[in-house]
Amino acid sequence: MSAVTKKTKRITIPDIRNAKGKQPIVCLTAYTVLTARWLDDHTDLLLVGDSLGMVIYGMENTLGVTLDMMIAHAQAVMRGSRKSCIIVDMPFGSYEESPKKAFRNAARLLSQSGASGIKIEGGVEMAETIEYLTKRGIPVMGHVGLMPQSVQAMGGFKAQGGSDDEARQILEDAKAVEAAGAFSLVIEGTVEPVARKITQSVSIPTIGIGASAACDGQILVTEDLVGLFIDFTPRFVKRYALLGEQIEASAKAYAEDVRTGKFPGDEHLFGMKKVD
Ligand code: KIV
């Protein structure tokens with residue numbers, strides 16, 4: 001486990017912004033204190049993503065995630081990390097209505113969690129809100145291409161940018177997010193030539209998920225990476241471990257030991273003090 005007690009300076013928003021073109025930016029999702037502890041030594045940025053609705057709570061999509069859920073998980077990730085820059089997703093319904101509502105909710109999220117910034121989905125249509133937030137001191141990470149909060153409107157989780165019209169729209173979205181003051185931009189589920197063009201066209205770092213190595217950094221959902229979430233495996237996921245299988249094998253061995261009386265053994269017992 002990482003030495004979270006070590007005194008380490010946390011990576012800042014300007015550090016992330018300035019990394020473009022210098023070194024690939026390593027990002028993963030984290031929802032809990034334990035995951036944050038294991039990841040923190042190795043990542044530049046941890047995203048408390050609203051994917052937690054599906055991954056942790058078993059929801060069908062991210063639309064049911066609330067601001068209170070995001071605050072609680074962001075607090076846990078802050079407690080478990082010392083070094084990575086922590087960014088938190090604004091959940092569906094907490095920012096789209098108006099820039100003022102977005103500010104109120106983003107300010108609550110940051111002040112109650114201590115995280116460094118927020119992420120919101122949307123391009124041209126969210127530019128006014130992003131500008132309102134960034135001008136008032138709230139660092140914003142944008143998110144274009146496949147936007148899970150619009151999964152109903154998009155007709156499912158489908159790769160984006162395959163047609164000329166889609167490609168043009170995503171590039172326009174990315175430029176609008178940059179012009180509005182975002183410090184970085186997630187590009188999700190987008191074809192390689194479009195992700196490459198965006199990365200070359202904007203001055204802020206692009207973080208890809210299913211958007212190719214052309215991006216300035218990469219992010220994956222940690223539970224996909226370690227084989228804990230196996231409901232479906234998108235093509236862009238590389239699995240580095242099979243923790244789900246190890247958990248199941250541990251539970252099976254434990255059940256066997258309990259049923260056959262092998263656990264607890266003598267070494268797990270508390271002794272009694274001798275009394276005269
Ligand atoms: O919610 C999330 O985890 C995300 C990442 C996959 C980018 O938005």
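The values are calculated or read from the model by the stated rules, or taken from the named source; none is laboratory data. Remember, predicted model here, so these are calculated numbers, not experimental data. We place every Cβ from the backbone using ideal geometry, glycine too, and count neighbours over all the protein chains shown. Please note that ligands, DNA and RNA were not included when accessible areas were found on the heavy atoms of the full protein model with its side chains. Shrake-Rupley method; radii C 1.70, N 1.55, O 1.52, S 1.80 Å.
Odds and ends about this structure:
- Condition check for K238: loosely packed, with under 12 Cβ neighbours inside 10 Å, of a type in the set (K, R), at pLDDT 95 or above and over 24 Å from the mean Cα position of the chain (by Cα): no
- Qualifying residue in segment 188-200 (condition: in a helix (DSSP H, G or I), among the acidic types (D, E) and more than 10 Å from the ligand (Cβ to nearest atom)): yes
- Residue in segment 147-160 that is under 30 Å from D15 (Cβ atoms), at pLDDT 95 or above and not in a loop (DSSP other than H, G, I, E, B) present: no
- Note on segment 164-187: among residues that are in contact with an Asp or Glu (Cβ under 9 Å, 6 or more places away or on another chain) and either assigned to a helix (DSSP H, G or I) or without any contact (Cβ under 8 Å) to a residue 24 or more places away in the chain (or both), the one that is nearest to A19 (Cα to Cα) is A179.
- Test for I87: is it within 14 Å of the ligand (Cβ to nearest atom), open to solvent by less than 30 Å² (accessible area, probe 1.4 Å) and either touching a Lys or Arg at 6+ places or on another chain (Cβ under 6 Å) or at pLDDT below 95 (or both): yes
- Residues being free of Cβ contacts under 8 Å to residues at least 60 places away in the same chain, closer than 26 Å to S163 by Cα and either within 15 Å of the ligand (Cβ to nearest atom) or buried (at least 20 other Cβ atoms within 10 Å of the Cβ) (or both) - total across segment 207-231: 4
- Test: residue in segment 68-78 that is open to solvent by less than 10 Å² (accessible area, probe 1.4 Å), within 13 Å of the ligand (Cβ to nearest atom) and not in a helix (DSSP H, G or I): no
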